[in-house]
Amino acid sequence: MSSPPAVELTNIWKRFPGVIANAGAELRVQPGTVHAVLGENGAGKTTLMNVLAGVYRPDEGTVLLDGVEHVFGSPADALDAGVAMVHQEFRLIPTFTVAENVALGSAPPVLRRREIEEQVADLAKRFGLQTDPRREVWHLSMGERQRVEILKALWRDATILILDEPTAVLTPAEANELGRIVAAMAADGRSIIFISHKLDEVTRFCDEATVLRGGATVAASLPVSSLDAPTLAELMVGESTLVSQRRVRNNPADPDQPVLSVRHMTVHDIHGIATVDDVSLEIGSGEIVGIAGVAGNGQRPLADAIAGLATPTQGSVRLEGDELGGAGPNVRTDAGLSYVPEDRIGVGLAPRLSVTENAMMRTYRTMGAGPMVDFGDARRHCEQLIDEFNVKTGGLDAPIAGLSGGNLQRLLVGRELATSPKALVAAQPTRGLDVQGVAAIQEVLVAQAEAGLGILLISEDLEELLALSDRILVMREGRIVAEFDAETATRAMVGEAMAGSASKREPA
Amino acid sequence: MIGLTLQRREQPLPGGQVRAVLAGAFIALLAGAVLLLLSGSNPVDVYLRMADAAFGSERAWSNTLSRAVPLGLAGLAVAVAGSMGLWNIGAEGQIIAGAIGGAWVARVLPDADGVILIPAMLIGAVIGGGLLAVIPAVLRAQLGVNEIITTLMLNEVILRVVRYLVNGIWKDPGGSGFPQAPLLPDQSALPGLFGRANIGLLIAAAVLIGFGYFASRSKWGYELRLAGSSEKTAEYAGISLRTKIMTVLTLSGAIAGLAGGIELTGSSSRLVEGVANGWGFAGIIVAALALMRPSGVALVAVFFGAVQVGGLAIQVSGVSASIANILQAMILFGALAAGVFTEYKLVRSSRSPRAAVAA
């Protein structure tokens, strides 16, 4: 190779308490190219990018830019070396103009407003970034704000731009526009690292792709021209694991007795985009219905809307035929619909409260007379949960922050099942758990289904879906685009539907 | 290159917040000692005299505790809101509103017996403080308007209202032109306990203990803790955040209003413009140092009462009473600064990343 790569990350390790985020990750980006970094949530993409951008220091490993080793003490160091990151959450001051935001932090001591505005306009023109430097940021759409962030990086003369899931907030037209901008910057000799979940964008916008899984690089610098979406999906999701062999259940599911039925549900986000688009599904007694899909395709708002945490713009949820309407989350729980949310700590469990206080979240309203809580009752309830679901704690009054991921999830799942629900929505119930933890949760889910519970299982782990589900529905762009019988479906079939090749919903 | 950098702890230091408050108090006393030395006094001597004035006799205790009453109630008012992550900066104004409410009751029932008049005035004070807090409560719950701004601004509004009252329609005709309301009826004075302390002390203690018990044992208190820990978890548990914000902020104002009522019936003989006397703002410091816990509020309030009484006492010997204010402020600064170390630790940094992580 004639010139050294613009970016060379070698054997990067980064450990956090209880988690290894990067386990020997590698990344090599050639100058003047657009390089995709792919991986599931938790694959270590963001950590690796934060290492490159100077936010984290790696425990081990080296960072080379143009063949020269760098050790960044702060993001400012990285910026000096030409690395800029455009975060998912924009860091702009709404009441400042575009030009003011761009120059903020790197402006000359004496501000010449006119001059800066002209320079920003020139820079924007050069890369095809349509924007008016004099407009205040709060007027701008998400796409325009993103362009301001990119301008900020270019203004600081960044030669390596990291875009963290840049299309997540964009409309399709804006995403295409971004593709053109990215190409213009690459043509200028800059290197762009493009983090994405959306496989079709990777094949359209990028030159090479690196795939991370479990904190390590599983495929480095693959030319995207030689790849199709299903192969990329396969690489991201990985090989089958021991814990995820198909689990046989004793009682056949009874789809003719629907416990949970969702009809024509549509959910809009705060930007007015339909994140769930006319979804209908039915879950029978004792049935496990899996929802597959690349992250961010509407699984979370669907789960929230069913559980009563988000308000659908239209559609209905029925539990054993009873319309739930606008019932709040606790009313739904009392009616027999439980929810294991994707975010264990922060939604399902309250971080600063004790084990007992978290265990009583669904039942405290009936513990004790009048306005007071019978804490004796609450402790007994908590002890029962701990016992039945084998939760290891530092004591009933210890804060749950000290529990391991597996124990947190056992407590959460146990609490949701303790109310003897008829239907359960479980979102990513085993994500991030160790092998034992995954097995324990999967066993509980299967045992509950055998006892007649209808389960909606949302997972990014294809193996898990294939192992546990009776049917698998695939969600893409808020819609259910395919349905498979889990008995006969293969990873390839589901992966293809996730990536967008199969567009028709076929009967199972 | 070697220097010191702050590194985030993997887990917050256990008991770190309490340690930070104690460290803050210690740092403040040290810094105060330096100030005293610079102004030519013997710091040990001054501190001993302050302690003696605050705790040395029954009379000293009565002074300290009667100052702790408004501090404790104002602190509780701020802490109630703070335990849900809301900042009530308006306790000062709510104290005034409470005093206005109490004074209004006294105007309406001038001839009522003390047994009826005093409770009625205190209820009037609770309602007055609560009403003033309803405005930011509704704005925050329904429209998401930042309660810090609204509660702070209402302090100014209610101050103008009380000025209008004592200079205008409630002005004492026999007050030879002074801007003050007429004297309250004699039977409205809170009965004394010992020294300068009156039964306001018992009322405040009962409120602090009762509320502390209720907050830790009731469903309402549990929901408050849940919402304070994580709003999303509270919503997931089916708790209406709007209702919670409304009740908590209103209750916060009502408690501050009670402080105004006790001040009115206990310490002053008439409604005056300066009835709040800075108690409401000091209450913010008290609540912050008490880590928003009712039990902590009582302790910190007594301590601050002592610092204030001590500060007044050393004035006699030529030391400025401002030393008390300086100490109060520095304790807060010290605690806030020391609080950093509950989340971060100091590590020696060098250019080698591995060494930095291992340190």
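The values are calculated or read from the model by the stated rules, or taken from the named source; none is laboratory data. Since we're looking at a predicted model, the values are computed, not measured. Virtual Cβ from ideal backbone geometry, glycine too; neighbours counted across all protein chains shown. Protein only, heavy atoms only, side chains kept; ligands, DNA and RNA dropped before computing areas. Shrake-Rupley method; radii C 1.70, N 1.55, O 1.52, S 1.80 Å.
Per-structure values
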| quantity | calculated |
| --- | --- |
| Qualifying residue in the range B:293-304 (condition: within 14 Å of chain A (Cβ to nearest Cβ) and modelled with pLDDT under 80) | no |
| Among the candidates B:331, B:255, B:284, B:245, residue that is aliphatic (A, V, I, L, M) and either in contact with a Phe, Trp or Tyr (Cβ under 7 Å, 6 or more places away or on another chain) or within 30 Å of residue A:328 (Cα to Cα) (or both) | B:245 |
| Members of the range A:256-271 found to be more than 20 Å from the chain's Cα centre (by Cα) and either surrounded by 24 or more Cβ atoms within 10 Å (Cβ to Cβ) or free of Cβ contacts under 8 Å to residues at least 12 places away in the same chain (or both), listed by number | A:259, A:260 |
| Close pairs from the range A:394-420: first free of Cβ contacts under 8 Å to residues at least 60 places away in the same chain, partner crowded, with 17+ Cβ neighbours inside 10 Å and aromatic (Phe, Trp, Tyr), Cβ under 7 Å, at least 6 apart | A:410/A:389; A:414/A:389 |
| Residue check for residue A:343: free of Cβ contacts under 8 Å to residues at least 40 places away in the same chain, under 21 Å from residue B:233 (Cα atoms) and either of a type in the set (A, V, I, L, M) or assigned to a loop (DSSP other than H, G, I, E, B) (or both) | yes |
| Single residue of A:383, A:323, A:388 found to be under 18 Å from residue A:425 (Cβ atoms), open to solvent by 20 Å² or more (accessible area, probe 1.4 Å) and either within 26 Å of the chain's Cα centre (by Cα) or more than 9 Å from chain B (Cβ to nearest Cβ) (or both) | A:323 |
| Unique match (being within 11 Å of chain B (Cβ to nearest Cβ), part of a helix (DSSP H, G or I) and in contact (Cβ under 8 Å) with a residue 24 or more places away in the chain) among A:365, A:352 | A:365 |
| Among (1) closer than 27 Å to residue A:330 by Cα; (2) surrounded by fewer than 21 Cβ atoms within 10 Å (Cβ to Cβ); (3) assigned by TED's automatic domain parsing to the domain that holds residue A:331, the one test that residue A:478 misses | (2) |
| Selection within the range A:416-426 - surrounded by fewer than 24 Cβ atoms within 10 Å (Cβ to Cβ) and not acidic (Asp, Glu) | A:417, A:418, A:419, A:420, A:422 |
| Flag if residue A:314 is touching a Gly at 6+ places or on another chain (Cβ under 6 Å), more than 8 Å from chain B (Cβ to nearest Cβ) and not small (Gly, Ala, Ser) | no |
| Per-region count, the range A:230-255, residues within 23 Å of the chain's Cα centre (by Cα) and at pLDDT 65 or above | 8 |
| Options B:291, B:271, B:346, B:264: the member that is surrounded by fewer than 16 Cβ atoms within 10 Å (Cβ to Cβ), aliphatic (A, V, I, L, M) and farther than 24 Å from residue B:35 by Cβ | B:346 |
| Residue in the range A:441-448 that is part of a helix (DSSP H, G or I), out of contact with any helix residue (DSSP H, G or I) (no Cβ under 7 Å at 6 or more places or on another chain) and either more than 14 Å from chain B (Cβ to nearest Cβ) or of a type in the set (Lys, Arg) (or both) present | yes |
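Residues are listed down the side, and each one gets a yes or a no for (1) surrounded by fewer than 19 Cβ atoms within 10 Å (Cβ to Cβ); (2) outside any helix (DSSP H, G or I); (3) out of contact with any His (no Cβ under 8 Å at 6 or more places or on another chain); (4) at pLDDT 95 or above:
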site	(1), (2), (3), (4)
B:40	yes, yes, yes, no
B:51	yes, no, yes, no
B:54	no, no, yes, no
B:66	no, no, yes, no
B:71	no, no, yes, yes
B:77	no, no, yes, yes
B:96	no, no, yes, yes
B:99	no, no, yes, yes
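The rows are residues; the columns are (1) of a type in the set (Ser, Thr, Tyr); (2) more than 14 Å from chain A (Cβ to nearest Cβ); (3) out of contact with any strand residue (DSSP E or B) (no Cβ under 8 Å at 6 or more places or on another chain); (4) surrounded by fewer than 21 Cβ atoms within 10 Å (Cβ to Cβ).
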residue: B:192; (1), (2), (3), (4): no, yes, no, yes
residue: B:196; (1), (2), (3), (4): no, yes, yes, yes
residue: B:210; (1), (2), (3), (4): no, no, yes, yes
residue: B:222; (1), (2), (3), (4): yes, no, yes, no
residue: B:234; (1), (2), (3), (4): no, no, yes, no
residue: B:246; (1), (2), (3), (4): no, yes, yes, yes
